[in-house]
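First comes the structure, then the notes that go with it.
The values are calculated or read from the model by the stated rules, or taken from the named source; none is laboratory data. No experiment lies behind these values; they were computed from the predicted model shown. Here the Cβ positions follow ideal geometry from the backbone for every residue, glycine too, while neighbour counts run over all protein chains shown. Just so you know, the surface numbers come from the protein's heavy atoms only, side chains and all, with ligands and any DNA or RNA stripped out. Shrake-Rupley method; radii C 1.70, N 1.55, O 1.52, S 1.80 Å.
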Amino acid sequence: QVQLVESGGGLVQAGGSLRLSCAASGRTFGYYAMAWFRQAPGKERVFLTTAWSGGSTLYADSVKGRFNVSRDNAKNTVYLQMNSLKPDDTAVYYCAATDKYSNTWSRSSTYDYWGQGTQVTVSS
């Protein structure tokens, strides 16, 4: 079992930046693939990125070059640095984790553990 707690959301103007954090409980953080998703009002949850403890990452095309995921295994924390934010980035951002192998990392069903979400609002 792992518990995930996101933080760092808020209100930012278009073009600005935010860094989200996701703190995980447990002693086996390094075994987990950590992902970020987001969900805008009335829309489905959308994959953003996954990060593995060895340093590999995967990004959705929509955020490649603007968002950067990193993890600090010593602090059991994964981060999402978001730059050049747009009003379309407004959503609830979720952290997710799994310790199972998958070949469908962009699917929300791949992940077993989820945080409560943090709201990001980008004003124009």
- Suppose every K and R has +1 on its Cβ and every D and E has -1 on its Cβ; what is the size of the dipole of the chain about the Cα centre, in Debye to the nearest 20? 100
- Note on the structure: Rounded to the nearest 10 Å², the accessible area of residue 53 using a 1.4 Å probe with every protein chain kept is 50
- Calculate the spin-label point distance for residue 112 paired with residue 27, positioning each point 7 Å from the Cα along the beta-carbon direction, and give it in nanometres. 1.8
- Message: Restricting to lysines 8 or more places apart or on different chains, can you count the pairs in the chain with Cα atoms under 25 Å from each other?
- Response: 5
- Paramagnetic label zone (point 7 Å from Cα along Cα-to-C-beta, residue 60; backbone N under 19 Å) in region 35-53: 35-52
- Task: Take the alpha carbon atoms of region 12-65, find their center, do the same for region 103-124, and report the distance between the two centers in whole angstrom.
- Result: 7
- Note on the structure: Interchain or sequence-distant (5+) residues whose placed amide H lies within less than 5 Å of the amide H of residue 113 are 97
- Note on the structure: For region 3-124, the accessible surface attributable to carbon and sulfur atoms (probe 1.4 angstrom, ligands and nucleic acids excluded) amounts in percent to 46
- Query: Per residue, how much accessible area does the chain show when a 1.4 Å probe rolls over the protein heavy atoms, in square angstrom?
  - Reply: 53
- Message: Testing the spin-label approximation: label points 7 Å from Cα along Cα→Cβ at residue 14 and residue 81. State their distance in nm.
- Response: 2.5
